[in-house]
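The values are calculated or read from the model by the stated rules, or taken from the named source; none is laboratory data. For clarity, every value in this text was computed on a predicted model and none was experimentally measured. Backbone-built Cβ (ideal geometry, glycine too); neighbour counts: all protein chains shown. Note: accessible area is taken over every heavy atom of the protein model, side chains too, but ligands, DNA and RNA are not part of it. Shrake-Rupley method; radii C 1.70, N 1.55, O 1.52, S 1.80 Å.
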Amino acid sequence: MLDVKSIQSALRAAKFDGWLFYDHHHRDPIAARVLGLPEGAMTTRRWFYFIPASGEPRKLVHRIESGMLDSLPGKAVAYSGWQELHKSLPKLLSGASTIAMQYSPDNNIPYIGLVDAGTVELVRKLKKKVVSSADLVQKFEARWSDAQLESHLEAGKRIDRICRQSFARAADFVRDGRPLKEDELQSWIVGQFREAGLVTAEPPIVAVQPNNGNPHYEPKPSLGLPIRAGDLLLLDMWAKLAAPDSVYYDITWVGYLGERCPASYAKIFGIVRSARDRALEFVQKSVARGKEIHGWEVDRIARETIRKAGYAKNFVHRTGHSIGREVHGNGANMDGLETRDDRKIIARTCFSIEPGIYLPEFGMRSEVNVYVGEKEARVTGAIQTEILALLR
């Protein structure tokens, strides 16, 4: 449910005069979620909803879809032609100078930069200063309810079990001399998700070397490599409960299809594990002390660990991402590489920590989910401490 008073309090604290929501053809799912609009509603015409720092919200809707915002408080003004829209917009924004929108300077945070450049230009022509809603979005969209945390923990139990079963299945096939390809194991995992009441937007990553040297490798049907004795098998799984408003759980584990893991693999895993654990320790200690930290700082801790080990150029992605209703959520990312995410890490949000090293011969990644409470941060599932020796 839309909490106008809380949003207005946050606007005043940020010294913003208002938050302007805008959508057309469902380009901004964040707007729909923050406002609590029903999913799947017809949105073929532009609508605007403005929450000022004080006073009643205001609506601007097209006459064809005049009921689009009826569930929200505030008086509506309807338009038909573009000239009427341009004439009505200044009235919608009257009294406001600094306006937050789903906009990110230089598109630094693409998850937030959802309003098209032309609409931003239109607002600026009205002598308004457009600022990013990134911190507001994190506060009012990325924070989890108690029920969402419970859905995450339950999804985690099921996914952790399926992960263990997947490694065991690969080991059984290899032990018995039966053929099993990456895409076949992937399809089996998707079936297990379905049976366990889980859903996912994309299938999991199942990769043996050298494919696990590609962070986003996707095994194609009938084109996956065979999984054989002596292979390093990487599984990256993400899913959520098949229930409204549930949130994702996302992990990466690695196993070796042999009795004893080679030293070359163990060495790289040890570096990745150290980077993961140092980043996690930084978050946990900072939260316990009430210290303000940002996503880029967490990334720096992990990246520096890998740099000192001599593999800086082989760590090619951010350290972690926000987790929410989508596996890549709208809160702070642990990122100082792809962007410099300077959003504060706030309570009731969750993110991954997943450093990796990717070589031509093989790749290694270890991923945990971290939930930040009011006074502590915790990993929500199992933590891998060594490469699994699958044929012991």
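Given a Förster distance of 35 Å, report the FRET efficiency between Ala242 and Thr385 from their Cβ-Cβ distance, rounded to the nearest 0.05. Computed FRET efficiency for Ala242 and Thr385 comes out at 0.65. For the pair Ala117 and Glu376, the difference between a 0.36 nm per residue extended length and the Cα-Cα distance amounts to 89.3 nm. Using C-alpha pairs below 8 Å separated by at least 6 residues, the relative contact order for segment 20-77 is 30 percent. Roughly what would the spin-label model give for Arg228 and Arg194, points 7 Å off Cα along C-beta, in nm? Placing both labels 7 Å along Cα→Cβ, they lie 3.1 nm apart. For Lys125, the lysines whose Cα comes closer than 26 Å to its Cα, not counting residues fewer than 8 places off in the same chain, are Lys15, Lys59, Lys75, Lys87, Lys91. Placing dummy labels 7 Å off each Cα toward the beta-carbon, the span from His216 to Arg289 is 3.6 nm. Applying a threshold of 32 Å to the alpha-carbon distances of Lys157/Lys220; Lys139/Lys267; Lys5/Lys127; Lys139/Lys240 flags Lys139/Lys267 as lying beyond it. Between Ala201 and Glu304, the contour length at 0.36 nm per residue exceeds the Cα-Cα span by 33.8 nm. Expressed to the nearest 5 percent, the antiparallel share of DSSP beta bridges inside segment 90-235 is 50 percent.
Across the accessible surface of segment 91-132, with the other protein chains kept in place and a 1.4 Å probe, carbon and sulfur atoms take up 50 percent. Panel note: the C-alpha atoms of the chain, placed on their principal axes, show extents of 72, 42, 35 Å (largest first). Only helices enter this figure: runs of n ≥ 4 DSSP H residues, each worth -39500 (n - 2.57), summed and divided by the residues of the chain, yield -10500 deg cm²/dmol at 222 nm to the nearest 500.
Comparing Ser187, Ser352, Ser80 in a Gaussian network model of the chain where C-alpha atoms under 10 Å apart are linked, the largest mean-square fluctuation is found at Ser80.
The length gained on full extension between Ser71 and Arg143, counted as 0.36 nm times the residue separation minus their Cα-Cα distance, comes to 23.7 nm. Computed over segment 140-244, the P(r) tail beyond 24 angstrom holds 28 percent of alpha carbon pairs.
In order along segment 171-182, phi translates into HN-Hα couplings of 5, 4, 5, 5, 4, 8, x, 8, x, 8, 9, 3 Hz, rounded to whole numbers, per the Karplus curve 6.51 cos²θ - 1.76 cosθ + 1.60 with θ = phi - 60° and x for Gly and Pro. GNM on the chain, alpha-carbon springs under 10 angstrom: the most fluctuating residue among Glu195, Glu297, Glu218 is Glu195. Amide H contacts for Ala239 (H built 1.01 Å from N in the peptide plane; partners 5 or more residues away or on another chain; cut-off under 5 Å): Tyr249.
Over all other residues within a Cβ to Cβ distance under 13 Å of Pro219, the charged ones net out to -4, with Lys and Arg as +1 and Asp and Glu as -1. A protection proxy built from the mean count of other Cβ atoms within 10 Å ranks the segments 200-209, 161-170, 375-384, most packed first, as 200-209, 161-170, 375-384.
If R0 is 45 Å, the Cβ-Cβ spacing of Val316 and Glu56 corresponds to a FRET efficiency of close to 0.40. Computed packing ranks the peptides 299-312, 319-332, 61-74 as 319-332, 299-312, 61-74, most packed first, by mean other Cβ atoms within 10 Å. In this structure, the amide hydrogen of Lys129, modeled 1.01 Å from its nitrogen in the peptide plane, lies closer than 5 angstrom to those of Thr98, Ile99, counting only residues at least 5 positions away or on a different chain.
Across the chain, the relative contact order, built from alpha-carbon pairs under 8 Å that are at least six residues apart, equals 14 percent. The simple spin-label model puts a point 7 Å past each Cα toward its Cβ; for Asp342 and Arg161 those points are separated by 4.6 nm.
All alpha carbon pair distances within segment 1-137 were sorted into 10 Å bins beginning at 0; the resulting P(r) in whole percents reads 12, 47, 37, 4.
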